[in-house]
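Encoded as C-alpha cells, the structure appears first; notes follow it.
Just so it is clear, none of the values below were taken in a lab; they were calculated from the coordinates. Note that this is a predicted model, so its numbers are computed, not measured. Backbone-built Cβ (ideal geometry, glycine too); neighbour counts: all protein chains shown.
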Amino acid sequence: MTENFVVAETVSGLLEAEIIRGMLEAQKIEVVLSHEAATTIYGFGVGRLARVEILVPEEMLGEAQLCLDDYRSGRLVDETEDEDQG
C-alpha cells in the first residue's frame with residue numbers, strides 16, 4: 001500500500017520546516033519535506049526559493065493541522081522553563 005502525502009503547511013526556510021518536522025514526528029506523524037534544491041545548495045532563506053512544503057500522510061492531515069494550530073498559537077510553550085531559570 002502506497003501512502004498518499006498531502007501538504008499540511010508551507011513555510012519559508014528549512015530551519016522552521018525542520019522544527020515543525022520534529023514536532024510532528026514527536027506526535028508519531030510521518031513527515032516529508034519538499035523544497036527546491038537551490039534552497040540547500042545556496043542557503044536561500046527568503047523568497048520563493050526558500051519555500052518548503054511540509055507533507056504528511058493524508059489520513060494524518062487532521063491531526064497534523066491540530067498540532068500546527070497549537071504551534072502557531074503558542075500553546076506548546078513550556079511555561080515552567082522560565083520558572084526553572086529564575
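Residue-wise HN-Hα couplings along segment 17-33, as the Karplus relation 6.51 cos²θ - 1.76 cosθ + 1.60 with θ = phi - 60° gives them from phi, are 4, 5, 4, 5, 4, x, 5, 5, 5, 5, 9, 6, 9, 5, 10, 10, 9 Hz; Gly and Pro carry x. Using the Karplus relation 6.51 cos²θ - 1.76 cosθ + 1.60 with θ = phi - 60°, the per-residue 3J(HN,Hα) values for segment 54-68 come to 9, 9, 9, x, 3, 6, 9, 4, x, 5, 5, 5, 5, 4, 5 Hz, with x marking Gly and Pro.
Between Glu9 and Ile54, the built amide H atoms are under 5 Å apart, and every one of these is 5 or more places off in sequence or on another chain. Summing Lys and Arg as +1 and Asp and Glu as -1 over all other residues whose Cβ lies under 14 Å from the Cβ of Glu59 gives a net charge of -3.
Residue order for Met23, Met60, fewest other beta carbons within 10 angstrom first, comes to Met23, Met60. Modelled label positions at Glu58 and Ile19, each set 7 Å beyond Cα in the direction of Cβ, lie 3.1 nm from each other.
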